[in-house]
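Accompanying notes for the structure given below.
The values are calculated or read from the model by the stated rules, or taken from the named source; none is laboratory data. Because the structure is a prediction, the values reported are computed rather than measured. For neighbour counting, all protein chains shown are included, and Cβ atoms are generated from backbone atoms with ideal geometry for every residue, glycine included.
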Amino acid sequence: MKMNRLAVALSVAMLSFAPAFAAAPAESAAATKPAASAALSSTQLVQKLMKPQSSLTRGRVTVNGKAIDYQAEAGTLVLDGTGVNESVPELAIGYVAYFRQGAAPASRPITFIYNGGPGSATMWLHMGSVGPKRVVTNDDTHTPAAPYQIVENEYSLLDASDLVFIDMPGTGFGRLLPQGADEKARAASQKELAKKYWGVDQDAQAFARFVTQFLSTHNRWNSPKYLFGESYGTPRSAVLANALTTQYNVELNGVILLSSILNFSLSVDGADNNPGVDLPYVVGLPTYAATAWYHKKLPKYANATVEQVVDDAIKFARGDLQQALLAGGTLDPAQKQDVAQKLSDLIGLPVPYLLKANLRVDGGMFEQQLLGDTDTTAGRLDSRFTGPSMDPLAKSRGHDPQSAAISGAYVAAVNSYMRNDLKFGDGWVYRPSARVAPNFRWDYDRVPTFGRGGGSRNMALNVLPDLARAMKYNSNLKVLLMGGYYDIATPFYTAIYELEHLPIQDSLRKNISYKMYPSGHMVYAHLPSLQKMHGDLAEFIESTSHAPR
């Protein structure tokens, strides 16, 4: 099999990851507005966004029993071109920032937050995790249609840090800014800008310029600084941390990786497209076991905790399973039968199925088969969720029940909140995903160099060298990895394995800490996990900022 087949499969898998891996809903219409407000055309919106836009409002949130007054700034920051286009606006990036009132800006931590995709706006983290408001969704079932509740978020991170939620280029209220005398010229300009900003390194450079420009316009250069990315936001953080540290001389206090994937060749999605590479099945197994336990498919573990199941799964995966897969076609039939039985005990699939699958079950297959006796599919982003199978006879899942269960609530919430509370975006279209934009195609091409990972159509993206270089360049840089036991999109043990194999000196490994939760890809969608996540984040920032809260 040629490697480009794997790269195409991985690219499709990454683009299907929602919410954080870009499977966001189609572009939403603006929320209901007063009759006097008229929606702007695309051309009118681009012209308006040539200059920075902003709206300032004030609010209050109570965290841990203490009232926090804050100022909210919703706006767009404009990036000009470079070289001969240095004074030409090319990109308007949407953001919402929250600043605690009464705190000294010079020493107050500031955290830059973003989702992934690639192609997703940051409405998921903004409206579900650490902002001052959050949308209420059901824990593990489909949230009913509107009206949705937007409530005060008692687990906001504003007690520990100022927050800047950044929408990636071309999403939210941000846009590429094509210019030209006529429609043809503007279309050509838009195509060039798409190439310039939609790609691994292009995206990181845009974010680096956003961060440095934001620090300048808000006089926050001396603040403790953090990056907080989810899903594809984690490889973005690795590349961005490297760029900020080594190119822009911005020293970070910490990098927070939520639902991380730094080496795409380890993805359990589409693993069957790369025969001979079996590690994805090994590192993905603990999530399968946790999922089967949650859905009561493991009789031998009926009285166990999820942590006990996960521990046993890790031992089996690193031992018997890995050795069996390594043997390939030379595996003794009796040993294969024994491994299949042990595997069945841990992930709840029948032994005959596992033998037919040659002990190799990728993510989509597992999601389709685990509850197949009831024609039900388990969720990909959060396998606690279930939904009717699109095709009960299919080999692999046809949709993600978790994404279907909550996406409508998040899109409605961010549209309503931005316009009604933050007084921003009236008459504009909020774009949840860049995938609906003209010429959207993510460029994974990057040539491996010293301190930089590689990726292309023929090689899966791997940004471990980027993060390693940032940690070596700034030996005080701390990294916090957070993940959910029920996340099949970016399995928690895959992320642990990646950081355990990060090419750094042993003396730097103490700078990495790990926190896991009984939730899925969007850890914060499970309220008890959000509560614990808030405490872990606040502790991480407090211990690394050297600043009063």
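Residue count for segment 334-383 satisfying the condition of being over 17 Å from Val268 (Cβ atoms) and among the polar types (S, T, N, Q): 6.
Annotation: of all residues in segment 78-124 being among the polar types (S, T, N, Q) and not in a loop (DSSP other than H, G, I, E, B), the one that is surrounded by the fewest Cβ atoms within 10 Å (Cβ to Cβ) is Asn85.
Give the residues of segment 149-172 that are touching a residue at least 24 places away in the same chain (Cβ under 8 Å), assigned to a loop (DSSP other than H, G, I, E, B) and surrounded by fewer than 20 Cβ atoms within 10 Å (Cβ to Cβ), sorted by residue number. Listed by number, the list holds a single entry, Glu154.
Checking each residue in segment 462-490 for being under 30 Å from Val306 (Cβ atoms), of a type in the set (A, V, I, L, M, F, W, C) and surrounded by 24 or more Cβ atoms within 10 Å (Cβ to Cβ) picks out Val463, Leu467, Val479, Met482, Ile488, Ala489. Checking each residue of segment 386-401 against the condition of being surrounded by 22 or more Cβ atoms within 10 Å (Cβ to Cβ), in contact with a strand residue (DSSP E or B) (Cβ under 7 Å, 6 or more places away or on another chain), in a strand (DSSP E or B) and in contact (Cβ under 8 Å) with a residue 24 or more places away in the chain gives no match. Could you list, ordered by first residue, the pairs with Cβ atoms under 7 Å in which the first is in segment 334-351 and closer than 26 Å to Ala378 by Cα and the second is surrounded by fewer than 18 Cβ atoms within 10 Å (Cβ to Cβ) and polar (S, T, N, Q), at least 6 apart or interchain? That search, which allows pairs on different chains as well, returns Val351/Gln341. Assess whether Gly520 counts as being touching a strand residue (DSSP E or B) at 6+ places or on another chain (Cβ under 7 Å), in a strand (DSSP E or B) and small (Gly, Ala, Ser). No, not satisfied.
Within segment 245-279, the set of residues being on the phi > 0 side of the Ramachandran plot and within 24 Å of the chain's Cα centre (by Cα) comprises Ser259, Gly270. Close contacts from segment 459-470, counting a first residue that is farther than 16 Å from Thr246 by Cα and a second that is polar (S, T, N, Q) and not in a helix (DSSP H, G or I), with Cβ to Cβ under 6 Å and a gap of 6+ residues or different chains, come to Asn462/Asn263. For segment 292-322, filtered to residues that are of a type in the set (Ser, Thr, Tyr) and more than 18 Å from Gln341 (Cα to Cα), the residue that is surrounded by the fewest Cβ atoms within 10 Å (Cβ to Cβ) is Thr305.
A quick yes/no check of all residues on (1) part of a loop (DSSP other than H, G, I, E, B); (2) of a type in the set (Val, Ile, Thr); (3) in contact with a His (Cβ under 7 Å, 6 or more places away or on another chain):
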{"position": "Asn219", "(1), (2), (3)": "yes, no, no"}
{"position": "Tyr226", "(1), (2), (3)": "no, no, no"}
{"position": "Glu230", "(1), (2), (3)": "no, no, no"}
{"position": "Ala238", "(1), (2), (3)": "no, no, no"}
{"position": "Asn242", "(1), (2), (3)": "no, no, no"}
{"position": "Val250", "(1), (2), (3)": "yes, yes, no"}
{"position": "Val255", "(1), (2), (3)": "no, yes, no"}
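Every residue in segment 191-207 that is hydrophobic (A, V, I, L, M, F, W, C), assigned to a helix (DSSP H, G or I) and under 17 Å from the mean Cα position of the chain (by Cα), please. Scanning segment 191-207 gives Val200, Ala204, Phe207.
Taking every residue in segment 363-380 that is over 12 Å from Ala292 (Cα atoms) and at pLDDT 95 or above and pairing it with any residue that is crowded, with 24+ Cβ neighbours inside 10 Å and among the β-branched types (Val, Ile, Thr), at least 6 positions away or on another chain, the pairs with Cβ-Cβ distances below 7 Å are Gly363/Val268; Gly363/Ile488; Gln368/Thr377; Arg380/Ile488.
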